[in-house]
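The values are calculated or read from the model by the stated rules, or taken from the named source; none is laboratory data. Everything numeric here is computed off the predicted structure, so don't read it as measured data. Don't worry about glycine lacking a Cβ; one is built from the backbone with ideal geometry, like all the others, and counts go over all protein chains shown. Heavy atoms of the whole protein, side chains included, go into the accessibility calculation; ligands, DNA and RNA do not. Shrake-Rupley method; radii C 1.70, N 1.55, O 1.52, S 1.80 Å.
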Amino acid sequence: MIEDGGRLIERSWVEGGLAGMVFAAARAHPAAAALTCGDERLDYRGYAAAVERLATELRDRLPAGSRVLTVLGNSIDACIAHFAVLAAGAQLVPVNPLYTSRELAYLLADAAPAGVIADAALRERLAPLLRAAAIGWTIWVGPQDRRLFADGDIAATAGSNPASPISPDTLALLQYTGGTSGHPKGVKLTHGALLANVAQREAMLPTRDRPAQRILCVMPLFHSYAIAMGLYLAAHCAGELVILPAYRREELFDLVERHRITIFPGSPTVYVGLMEHPRFAAVDWSSVHTCYSGASALPAAVLQRWQQAVGVPILEGYGQTEAGPVLTYNGPALPVKAGSVGLPLAATEVQVVDVDTGSRVLPRGERGEIRARGPQIMQGYRNLPEASADALRDGWLYTGDVGEFDDDGYLYIRDRKKDLVIVGGYNVYPREVEEVLSWHPDVVEVAVVGAPDAYRGELVHAFVVLRTPDAVDAPALARYCSDKLARYKVPAAFHLVDGLPKTGANKLDKKVLKERLSAAATTPGREP
């Protein structure tokens, strides 16, 4: 279906690019609820007016083709700023407000933004960095700086919300990858690519066929998953985005019941954490008809437990920031296969190729590197020509993920190429070991990594979070794995821990675990 990519962009295009989705929703449903965060609410008429008002101000400040960096937590301001920058024809650079000064300094230098929109609560920490980077201007926003929207001003400024012409080839996002190893890379994505992916997701995961969608946003709005499956999804279907400023399970349960949430995008760590909470079983989930999972691999055991408890399956998809971000999904009209990330989206071609040359397409059932092409793929990495050339070859995006197709064409992600553990010459994929351990009734979460070994080259280590302390010991876990895995795949060590490290996007941070193992190896008697 790849040949339909150009036509898909044409069909998905709206006047004014990505921000045009907000203006279109405001014309069709001006009084419909658009954004809710705590006690603050905006309908689509006010949403579009606030976006256009800020966009007008930004057009006066911005040179053509410039970038605006945002440092904002989950809020209505973050949504308005996102679409206003795009409506102004600038490129948006959304970054994690929890980044350290060192991390922010690197992004400011690499992105070279013309201006910054930031949370006023971060002024003391950010101001010296912005001065050092010679940033031209800063807009501070927050509860004490009601800068981007105010109920009294919206009515006066709301009008037809004209959208300025924007080409599909205009750069929209400079989205930095997580940076769990080395410096993060800035992914360049156009309005056309991102709108095409919106249309691709709608074809696989229809939302416009049901009125009054209410989407719960618990993932951080600087991350590609929350942008795609929350911010853009809500604007596209003229639904209400209910925003959780910070992830707290009690508040999440309250929002599900109070707002009668219909769509719940989460991540494996979120779903696991909710099911472990004492209140989970008493929550009324009856309004929820769709659950999505992304950001990291969803263990089959978590899918099964959730469906049994809530009565709704979790639809897992696959993609990455470089893919705009979605490549495949399990659709609601198709069988949901536990452990699979589904089928390729419309106008998307996905192949599994040999890991050595990347040119030989492998048959179904064989594992290799996943490559993809389609209208949603990035333009490349900012300031990294070699990395861009390595990732984009002959029109294909080489994902760095290892996977395989089953006989029905469903894709399974087995691991990252770089996470492969080679034990005595045998390949061990950490995700396979994690899947086995996740089925143990006493295991809540698990992460498997490799560590150097003088004799076997590498050894497998498992970091395990138990449901209750002392529920099971390491020898028992080893015996459990021995019944289900070849001997060389069984972890050489089990580390029973209280919790696993996460990145700002709530993904497992295996880099931290590897650093713990390295530190323990060089310090006699030290535990990882």
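Could you please find all residues in segment 96-124 being assigned to a loop (DSSP other than H, G, I, E, B), of a type in the set (G, A, S) and touching a Gly at 6+ places or on another chain (Cβ under 9 Å)? Before you say what the answer is, go through the steps one by one.
Kept after step one, since they are assigned to a loop (DSSP other than H, G, I, E, B), are these residues of segment 96-124: 96-100, 112-114.
With the extra rule that they be of a type in the set (G, A, S), the set shrinks to 112, 114.
If the condition is that a residue be assigned to a loop (DSSP other than H, G, I, E, B), of a type in the set (G, A, S) and touching a Gly at 6+ places or on another chain (Cβ under 9 Å), then A114 is the only one that fits.
Out of all the residues in segment 278-329, which are among the polar types (S, T, N, Q) and within 30 Å of P184 (Cβ to Cβ)?
Taking segment 278-329 first, the residues among the polar types (S, T, N, Q) are 286-287, 290, 293, 296, 304, 307-308, 320-321, 328.
Matches in segment 278-329: S293, S296, Q320, T321, T328.
Quickly run through segment 185-224 and pick out the residues that are open to solvent by 10 Å² or more (accessible area, probe 1.4 Å), in contact with a Pro (Cβ under 7 Å, 6 or more places away or on another chain) and in a helix (DSSP H, G or I).
Selection gives S224 alone.
Taking strands (runs of 3 or more DSSP E) that fall entirely within segment 298-377, which contain at least 2 residues that are open to solvent by 40 Å² or more (accessible area, probe 1.4 Å) and hydrophobic (A, V, I, L, M, F, W, C)?
Working: elements: 314-319, 326-329, 349-353, 368-373.
Output list is empty.
Sort out for me the strands (runs of 3 or more DSSP E) sitting completely within segment 405-501 that have 2 or more residues that are farther than 30 Å from Q351 by Cβ. Walk me through it before giving the result.
Values: elements: 411-416, 421-423, 426-428, 443-453, 457-466, 493-497.
It comes to 443-453, 457-466, 493-497.
Residue-by-condition table, conditions (1) of a type outside the set (D, E); (2) farther than 17 Å from V141 by Cα; (3) buried (at least 18 other Cβ atoms within 10 Å of the Cβ):
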| position | (1), (2), (3) |
| --- | --- |
| E10 | no, yes, no |
| E15 | no, yes, no |
| G38 | yes, no, no |
| I76 | yes, no, yes |
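Within the set of pairs 6+ apart or on separate chains, which have a first residue in segment 60-80 that is within 17 Å of A50 (Cβ to Cβ), a second that is in a loop (DSSP other than H, G, I, E, B) and of a type in the set (K, R), and C-beta atoms under 8 Å apart?
Pairs that qualify, where the first residue is within 17 Å of A50 (Cβ to Cβ) and the partner is in a loop (DSSP other than H, G, I, E, B) and of a type in the set (K, R), are D77/R147.
Can you pull out the residues in segment 60-74 that are buried (at least 19 other Cβ atoms within 10 Å of the Cβ), in a loop (DSSP other than H, G, I, E, B) and more than 17 Å from the chain's Cα centre (by Cα)? Spell out the reasoning first.
Here is the first cut: in segment 60-74, the residues buried (at least 19 other Cβ atoms within 10 Å of the Cβ) are 62, 67-74.
With in a loop (DSSP other than H, G, I, E, B) added as a condition, the list becomes 62, 72-74.
Selection gives L62 alone.
Suppose we filter K484, K418 for residues that are touching a residue at least 12 places away in the same chain (Cβ under 8 Å) and surrounded by fewer than 13 Cβ atoms within 10 Å (Cβ to Cβ); which single one remains?
Exactly one of K484, K418 is touching a residue at least 12 places away in the same chain (Cβ under 8 Å) and surrounded by fewer than 13 Cβ atoms within 10 Å (Cβ to Cβ), namely K418.
Mind checking which residues of segment 275-297 are at pLDDT 95 or above, under 27 Å from R201 (Cα atoms) and either open to solvent by 30 Å² or more (accessible area, probe 1.4 Å) or not in a loop (DSSP other than H, G, I, E, B) (or both)?
Once the filter is applied, which keeps residues that are at pLDDT 95 or above, under 27 Å from R201 (Cα atoms) and either open to solvent by 30 Å² or more (accessible area, probe 1.4 Å) or not in a loop (DSSP other than H, G, I, E, B) (or both), segment 275-297 yields S286, H289, T290, C291, Y292.
Scanning for something open to solvent by 30 Å² or more (accessible area, probe 1.4 Å), under 27 Å from Y412 (Cα atoms) and in contact with a helix residue (DSSP H, G or I) (Cβ under 7 Å, 6 or more places away or on another chain), does segment 512-525 turn up at least one residue? If you could, list the steps in order and put the result at the bottom.
Step one: list which residues in segment 512-525 are open to solvent by 30 Å² or more (accessible area, probe 1.4 Å), which gives 512, 514-516, 518, 521-525.
Now restrict to residues that are under 27 Å from Y412 (Cα atoms): 512, 514.
Next cut, in contact with a helix residue (DSSP H, G or I) (Cβ under 7 Å, 6 or more places away or on another chain) only: none.
No, every residue in segment 512-525 fails to be open to solvent by 30 Å² or more (accessible area, probe 1.4 Å), under 27 Å from Y412 (Cα atoms) and in contact with a helix residue (DSSP H, G or I) (Cβ under 7 Å, 6 or more places away or on another chain).
Of the residues V22, V85, V93, V51, which is over 23 Å from the mean Cα position of the chain (by Cα) and either at pLDDT 95 or above or part of a helix (DSSP H, G or I) (or both)?
V51
Can you find a residue in segment 32-41 that is over 29 Å from E15 (Cβ atoms) and assigned to a strand (DSSP E or B)? Show your work before the answer.
Initially, segment 32-41 is screened for residues over 29 Å from E15 (Cβ atoms), giving 38-39.
Narrowing further to those that are assigned to a strand (DSSP E or B): none.
Within segment 32-41, none of the residues are over 29 Å from E15 (Cβ atoms) and assigned to a strand (DSSP E or B).
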